[in-house]
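Derivation of every value follows stated rules applied to the coordinates shown; laboratory data play no part. Small disclaimer: the values here were computed from a predicted structure and weren't measured. Please note: Cβ atoms are built from the backbone with ideal geometry, for glycine as well, and neighbour counts cover all protein chains shown.
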Amino acid sequence: MANSNAAQQNSEPQKKITIGPLERDGEKLIHSLEKGNMVAILSKAEIMYTLLRGDYLCYIHPIGAEEGRAKRLPNTEECRAVVKNLSGLADQLFEVEFELGMDTMGVMQAAENAIVAFLDSIGELPAEDIDFMTGEAPKQNS
């Protein structure tokens, strides 16, 4: 019985995630979100994973860290402008295409693995933890 279940599991199509660079252009960022894609916005040592699911969902995560934070922005013209302007503040943008119904956290983990591998391959892994919202290193407690 276990073999038939394994055969069924192996015959299921693999879920696919595609990640690639996205030009630092606000209109292209918004267009990608409107197509249902995720956009990973790299700023120093943090990545903001952004989705449009009714509202703008933003998951901010320091590279390699276990913790992160989330922000929900209403789908208004004002918030659209804020998200659009993130392209100009970013070091790099990545477009993440994935199938509907895939686990969002799993997609973010796969995207981060690809981004870290890419940054490592070009020798640009960030050395410090920089806060995405302030652009500053965290203060050390003395």
* What does the charge add up to near residue 53, with Lys and Arg as +1, Asp and Glu as -1, over the other residues with Cβ less than 12 Å from its Cβ? -> -1
* **Distance cut-off 17 Å, percentage of C-alpha pairs in region 16-114 lying past it** => 44 percent
* Structure fact -> Cα-Cα longer than 24 Å, checked against 28/71; 15/71; 16/71; 15/35; 16/44; 15/84, kept in input order, equals 15/71; 16/71; 16/44; 15/84
* Place +1 on the Cβ of every Lys and Arg and -1 on the Cβ of every Asp and Glu in region 70-119, take the dipole about the Cα centre, and give the residue among 113, 92, 102 whose Cα lies farthest towards its positive end. => 92
